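What follows is a short report on a single structure.
Laboratory data are not the source of any read-out in this text; all were calculated from the coordinates shown. On a predicted model such as this, the values are computed, not experimentally measured, just so you know. Neighbour counts are summed over all protein chains in view; Cβ atoms, including those assigned to glycine, are modelled from backbone coordinates with ideal geometry.
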Amino acid sequence: MTQTELTKAYGLVHLPAKVVLAVTEKPGGGYNLITMEWFMRTSIQPPMFAISVGHNRYSYECLQEHRFFNLVFPSVEMKPLCAMAGSSSGRDIDKFEKGGVEFIPGKLHKLPIPKEAVAVFECEVVTQVRSGDHTIFVGEVRHSWANKEKEPLVYT
Ligand SMILES: Cc1cc2nc3c(=O)[nH]c(=O)nc-3n(C[C@H](O)[C@H](O)[C@H](O)COP(=O)(O)O)c2cc1C
């Protein structure tokens, strides 16, 4: 074991990674998607997930305005969508339209449920905490969806 630069240590533990998409509602109407690696389950009962969102992301503005999100666990077919949603901003484009995302309306505020996903958790934000240049939004799961036929995406 040798002491090293932060980026070198990060590089060793970065992959493989699980990624998710978070669906949010835009302040002016419509929906946005963001690719996320920094998420986790935080409670069994009630069921909860936390997501860490950068302050310069449009999704951050969306979550400040509308206090819910859908956490989407993508299938392998959704890799191009994850790449697009992680490299462009909802300020500039409609990611649902650009990605040709087929969806059904969810039960919580009708936020979209992408049809190709492995699982989707509809969450209501119950608390948030600032973490440096990100904010951690903790959401309580209100509804859950699953697609047994789909293979989960892992970034390698
Ligand atoms: C694999 C991957 C993982 C990412 N994880 C996060 C994350 O956990 N939190 C975050 O704020 N941004 C993350 N990003 C960056 C955002 O997805 C990216 O900045 C996106 O363009 C923001 O979109 P928005 O402006 O529409 O919110 C990730 C990007 C990629 C490609």
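The table for this structure:
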quantity: Hey, Lys115 out of contact with any His (no Cβ under 9 Å at 6 or more places or on another chain) and within 11 Å of the ligand (Cβ to nearest atom) or not; calculated: no
quantity: Residue match in segment 64-85 (condition: over 22 Å from His109 (Cβ atoms), out of contact with any Cys (no Cβ under 6 Å at 6 or more places or on another chain), more than 11 Å from the ligand (Cβ to nearest atom) and of a type in the set (Gly, Ala, Ser)); calculated: yes
quantity: Filter result (basic (Lys, Arg) and within 21 Å of Ser144 (Cα to Cα)) within segment 63-92; calculated: Arg67
quantity: Number of the exception - Phe103 against (1) more than 14 Å from the ligand (Cβ to nearest atom); (2) touching a residue at least 60 places away in the same chain (Cβ under 8 Å); (3) not acidic (Asp, Glu); calculated: (2)
